[in-house]
1. Of all the strands (runs of 3 or more DSSP E) wholly in segment 376-467, which have at least 1 residues that are acidic (Asp, Glu)?
2. Looking for whichever is within 16 Å of ligand 2 (Cβ to nearest atom), touching a residue at least 24 places away in the same chain (Cβ under 8 Å) and under 20 Å from His341 (Cα atoms) here; the options are Thr235, Thr256, Thr228. Which one fits?
3. Sort out which residues of segment 204-222 are more than 16 Å from ligand 2 (Cβ to nearest atom) and either among the charged types (D, E, K, R) or buried (at least 24 other Cβ atoms within 10 Å of the Cβ) (or both), and write them in order of number.
4. Please find, among Gly293, Gly250, Gly254, the residue that is within 12 Å of ligand 1 (Cβ to nearest atom) and in contact with a Gly (Cβ under 7 Å, 6 or more places away or on another chain).
5. Please verify whether segment 509-519 includes one or more residues that are surrounded by fewer than 21 Cβ atoms within 10 Å (Cβ to Cβ), within 16 Å of ligand 2 (Cβ to nearest atom) and more than 18 Å from the chain's Cα centre (by Cα).
6. I need a count of the residues in segment 530-549 that are of a type in the set (A, V, I, L, M, F, W, C) and in contact with a helix residue (DSSP H, G or I) (Cβ under 6 Å, 6 or more places away or on another chain).
7. Taking the residues in segment 256-300 that are β-branched (Val, Ile, Thr) and out of contact with any Phe, Trp or Tyr (no Cβ under 7 Å at 6 or more places or on another chain) as candidates, determine which candidate is surrounded by the most Cβ atoms within 10 Å (Cβ to Cβ).
8. Can you name the condition, by its number, that Lys15 falls short on among (1) out of contact with any His (no Cβ under 7 Å at 6 or more places or on another chain); (2) on the phi < 0 side of the Ramachandran plot; (3) touching a residue at least 60 places away in the same chain (Cβ under 8 Å); (4) not in a helix (DSSP H, G or I)?
Amino acid sequence: MATDAPKLSPVESIKQASEHLRGTIGQELQDPVDHFDKDNIQLLKFHGTYQQDDRDSRGGGSGKTYSMMLRCRIPGGILSSDQFIAHLDLCDTLGNATMKLTTRQTIQLHGILKSDLKATIARINQIGLSTLAACGDVNRNVMCCPAKRNDPVRKQMQQLCYDIAIALAPQTKAYHELWMTDESGEKTLVGGARESDVVEPLYGATYLPRKFKMAVGLPEDNCVDLYTNDIGLLTIHRDGEVLGYNVIVGGGMGTTPSAQKTHPLLAQRMAFVTPDQVIDVCKAILMVQRDHGNREDRKVARMKYLVENWGIEKFRSMVEEYYGSPLADCTPDDVHGFDDHIGWQDQGDGLWSYGLNVENGRLYDNDQRQLKAGLRAVCARFNSEIRLTSHQSMIFCDIRPEDRDELLQILRDHQVPLSEDFSEIRRWSMACVALPTCGLAITESERALPGIIDDLEGPIAKLGLQRDQFTLRMTGCPNGCARPYNSDLAIVGKAKGKYTLFVGGALLGNRLNYIYKDLVPHETIAQEIIGVLAAYKANRVDGETLGGFCDRVGRDQLEALADAAPKP
Ligand code: SRM
Ligand code: SF4
């Protein structure tokens with residue numbers, strides 16, 4: 001009999017059949033084979049882990065070299081020195097000796113063998129952190145401005161970030177059963193029913209149609225890139241009191257250039273909510289996406305497409321229906337400032353924070369610099385609270401004024417470049433992981449950007465632009481993990497060795513950029529960017545940012561101006 005029922009995407013059936021994310025992961029963990037099967041790979045994401053293979057060693061004739069990437073969930077990026085050191089220990093003993101600080105204030109371990117996965121996840125839980133919901137079709141790590149301040153507004157925001165992470169966390173006991181029990185496993189409820197069958201009230205059996213991301217930020221400091229999230233909460237405050245939040249919805253970066261139906265979108269302003277309302281409204285938004293998001297085609301399953309297709313008015317009415325009452329309109333407040341929290345900042349309580357710029361978030365030791373060893377030494381000496389930024393960097397908090405020099409000296413003793421040693425362009429740059437671990441990478445990114453910046457620094461100084469602040473972001477494919485589509489300049493991997501250059505975004509994160517040139521070979525990227533910078537230098541008007549200039553002149557004129565401008 002013919003049926004009109006929509007054909008769900010294969011991942012939907014895997015989730016449905018998984019008994020709340022169990023699948024056959026438990027059985028596979030007992031199996032000595034070095035990798036998981038296809039269905040469990042999908043479910044493992046919800047547990048915070050991805051199966052990968054070393055792409056540098058592919059084609060060597062001996063098959064794929066499998067390992068697992070493990071991502072932690074760290075709301076607002078706040079962790080202790082002990083938790084940080086425990087990650088360094090794991091990366092040195094069970095991982096590939098490098099660690100990545102991510103664009104969403106978390107940590108990734110790479111190169112964990114399947115046989116060590118359980119021990120690694122168990123250890124992360126022992127130190128009071130979790131990997132549950134770091135990945136998968138659920139609410140992921142909630143971002144929040146990480147600055148430590150003696151200021152009730154930031155404290156309230158950071159508390160809210162934590163509360164949201166708890167309120168929207170999956171409830172399944174599968175995580176505990178799989179990773180934190182001994183061989184026999186934990187038995188479930190009397191009568192054979194599993195506890196989780198009755199305690200996934202928010203997500204249900206099939207969770208969300210796609211990943212879901214949230215951030216809490218400030219009008220004067222949009223360091224968390226609010227407009228790129230499914231839900232952005234813009235904190236509205238007056239005289240040290242949080243009045244509520246302007247809720248913006250439907251942002252996201254991912255795109256597949258060959259599929260026109262996909263594109264990056266900035267979130268739209270939806271409603272103002274009070275502190276009493278905010279968590280329930282977030283739940284209502286999540287439930288609207290749960291029930292109405294696209295479950296047939298994962299390419300268009302993010303909530304941004306639902307908001308776009310319905311329009312913000314219809315979306316808001318549906319949220320009001322789920323929430324149970326009308327919502328107020330947004331206040332006029334919007335983002336107008338940005339702080340990357342790098343360098344020394346006064347906490348206002350007699351103590352200081354030091355934001356250490358970590359190039360592309362990658363922590364490693366080599367003959368030239370002992371970054372991991374230096375960080376260990378700082379943690380051991382000061383036992384400071386650590387806060388991860390959404391720009392792949394880290395902040396040491398609670399440093400006494402008299403200890404500031406010593407902290408810097410410890411880093412210098414390990415040849416760690418200090419934040420003040422970085423050029424502005426390097427400081428404001430970010431690159432995603434890409435090769436060799438990312439299974440979706442088309443080109444290099446993290447391994448290539450430092451060299452591209454080496455080629456840009458000299459010409460930038462000659463142009464007299466070395467003090468200008470603009471964002472340069474690079475990704476190894478169009479998925480957008482370093483949030484390239486709202487930056488001043490972006491380099492996005494498109495084909496082997498070839499990149500799309502984007503220009504015209506904004507440091508504030510509230511404007512999308514546009515394609516300047518496509519399929520640019522790796523070797524000529526720096527040259528193309530120097531042309532854009534020379535055009536900017538010669539033609540900008542007072543106070544105009546690089547992105548603002550490119551946005552004003554548009555692609556065709558920019559190309560002509562770049563050709564005509566004198567190059568350094
Ligand atoms: Fe991402 C997939 C790495 C932030 C959009 N991302 C991946 C995977 C897991 C590849 C995969 O699916 O097999 C990458 C693992 C690489 C590796 O080897 O470790 C990966 N994403 C990252 C990180 C580590 C990049 C980094 O260098 O910091 C970031 C981890 C964040 C975290 O801690 O949770 C990371 N990814 C982002 C962001 C930025 C953000 O959220 O602020 C985005 C764009 C915002 C958005 O979601 O729209 C992003 N990642 C994607 C997408 C495209 C999603 C889409 O809607 O189309 C994919 C692919 C997918 O989901 O199909 C993806
Ligand atoms: Fe991988 Fe692409 Fe994300 Fe880079 S942008 S980490 S290449 S999925």
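Any read-out appearing in this document is the output of simple, stated calculations on the displayed coordinates, not a laboratory observation. Remember, it's a predicted structure, so these values are computed and weren't measured experimentally. Every residue, glycine among them, receives a Cβ derived from its backbone with ideal geometry; neighbour counts consider all protein chains shown.
1. On the way: elements: 386-388, 394-399, 429-431.
Where strands (runs of 3 or more DSSP E) fall fully within segment 376-467 and carry at least 1 residues being acidic (Asp, Glu), they are 394-399.
2. Details: Thr235 fails: within 16 Å of ligand 2 (Cβ to nearest atom); Thr256 fails: under 20 Å from His341 (Cα atoms).
Going through Thr235, Thr256, Thr228 in turn, the sole match is Thr228.
3. Within segment 204-222, Tyr207, Leu208, Pro209, Phe212, Met214, Ala215, Val216, Gly217, Leu218, Glu220, Asp221, Asn222 meet the criteria.
4. None of the other options fit; the residue is Gly254.
5. The first filter runs over segment 509-519 and keeps only residues surrounded by fewer than 21 Cβ atoms within 10 Å (Cβ to Cβ), leaving 510-512, 514-515, 517-519.
Those still in the list that are within 16 Å of ligand 2 (Cβ to nearest atom) too: none.
Within segment 509-519, not a single residue is surrounded by fewer than 21 Cβ atoms within 10 Å (Cβ to Cβ), within 16 Å of ligand 2 (Cβ to nearest atom) and more than 18 Å from the chain's Cα centre (by Cα).
6. Looking only at that region, the number is 5.
7. Our first condition is that a residue be β-branched (Val, Ile, Thr); within segment 256-300, this holds for 256, 262, 273-274, 278-279, 281, 285, 288, 300.
If we keep only those that are out of contact with any Phe, Trp or Tyr (no Cβ under 7 Å at 6 or more places or on another chain) too, we end up with 256, 262, 274, 279, 285, 300.
On the way: Thr256: 14, Thr262: 19, Thr274: 14, Ile279: 16, Ile285: 27, Val300: 20.
The residue in question is Ile285.
8. Lys15 satisfies all of (1) out of contact with any His (no Cβ under 7 Å at 6 or more places or on another chain); (2) on the phi < 0 side of the Ramachandran plot; (3) touching a residue at least 60 places away in the same chain (Cβ under 8 Å); (4) not in a helix (DSSP H, G or I) except (4).
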